[in-house]
Amino acid sequence: GGCIGFSQDLPQITIARTVPAGSTISFSLALTDRVGNSFVVPFQYSTQAIDQAFTVQSVDVFGDNNGDGKLSPGETGGLQVQIFNSGGAEALAITGNLTTTNPQVTIIGGAGLQFGDIRADGLACGEIAGKNPGGCIGFSQDLPQITIAQQLAHGAQIAFQLALTDMFGNTFPLTVPYVLE
């Protein structure tokens, strides 16, 4: 009857990843007292959303053709997107897909970027799978490669989309703005 709350002393439940936050789950607790009287106590639990929220912290270019750290028309370079978890909970196993609808911009290696686990108030950069998940080291070969068509004008704005997903299947769409130099 103690209410100390050690997890090893409590029944364990698992909620499937497909159950959306805010869902109500009904339980029944069947009790029997020492003289054989039985009681059923119904109760409900509402699933909680994980407190994680993301913003783009910075966008940097590494390994571009002229080495100035900026993408210009006709150039290719590695795009490092750093995100910030402004939520109160650690985000687990964050992956991302970097895309754009601009037909004059080509992305190689933008699918399956690994951001890793991101603590609350933490930063992480998207790296190509199997390299350095979440690391912000800035090696061009570990980053998605962006090629800008020669016809695209200096000063053009490119809107990249970064679709983040955590280990539970929660999704977080971000827009990653970039202006050509």
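Things to note:
- Just one of the numbered conditions (1) under 12 Å from the mean Cα position of the chain (by Cα); (2) touching a residue at least 24 places away in the same chain (Cβ under 8 Å); (3) more than 20 Å from Gln57 (Cβ to Cβ) is not true of Thr76: (1).
- Unmet criterion (only one of (1) under 20 Å from Ala124 (Cβ atoms); (2) among the aliphatic types (A, V, I, L, M); (3) surrounded by fewer than 13 Cβ atoms within 10 Å (Cβ to Cβ)) for Val41: (1)
- Of everything in segment 47-57 that is out of contact with any Gly (no Cβ under 6 Å at 6 or more places or on another chain) and over 20 Å from Ala156 (Cβ atoms), the residue that is most open to solvent (accessible area, probe 1.4 Å) is Gln48.
- Per the listing Gly22, Gly74, Gly87, the residue uniquely outside any strand (DSSP E or B), out of contact with any helix residue (DSSP H, G or I) (no Cβ under 8 Å at 6 or more places or on another chain) and modelled with pLDDT of 95 or more is Gly74.
- Test: residue in segment 20-34 that is polar (S, T, N, Q), surrounded by 13 or more Cβ atoms within 10 Å (Cβ to Cβ) and free of Cβ contacts under 8 Å to residues at least 60 places away in the same chain: no
- Residue within segment 173-181 that is in contact (Cβ under 8 Å) with a residue 12 or more places away in the chain and at positive phi present: no
- Filter pass, Leu123 being open to solvent by less than 60 Å² (accessible area, probe 1.4 Å) and at pLDDT 95 or above: no
- Screening Thr55, Thr101 for residues that are over 30 Å from Gln151 (Cα atoms) and either at pLDDT 95 or above or of a type in the set (Asp, Glu) (or both) leaves exactly one candidate, Thr55.
- All positions within segment 137-169 that are closer than 17 Å to Gly112 by Cα, open to solvent by less than 60 Å² (accessible area, probe 1.4 Å) and in a loop (DSSP other than H, G, I, E, B): Leu143, Pro144, Asp166, Gly169
- Matching entry among Pro133, Pro173 (being closer than 30 Å to Gln48 by Cβ, at pLDDT below 95 and in contact with a strand residue (DSSP E or B) (Cβ under 6 Å, 6 or more places away or on another chain)): Pro133
- Residues of segment 102-115 include none that is part of a loop (DSSP other than H, G, I, E, B), in contact (Cβ under 8 Å) with a residue 24 or more places away in the chain, open to solvent by 30 Å² or more (accessible area, probe 1.4 Å) and under 18 Å from Gln52 (Cα atoms).
- So Gly67, is it at positive phi, open to solvent by less than 90 Å² (accessible area, probe 1.4 Å) and in a loop (DSSP other than H, G, I, E, B): yes
The values are calculated or read from the model by the stated rules, or taken from the named source; none is laboratory data. A quick note: this is a predicted structure, and the numbers were derived from the prediction, not measured. Ideal geometry is used to build each Cβ from the backbone, glycine not excepted, and the neighbour counts take in all protein chains shown. Each accessible area value is taken on the protein alone, full model and side chains, heavy atoms only, with ligands, DNA and RNA left out. Shrake-Rupley method; radii C 1.70, N 1.55, O 1.52, S 1.80 Å.
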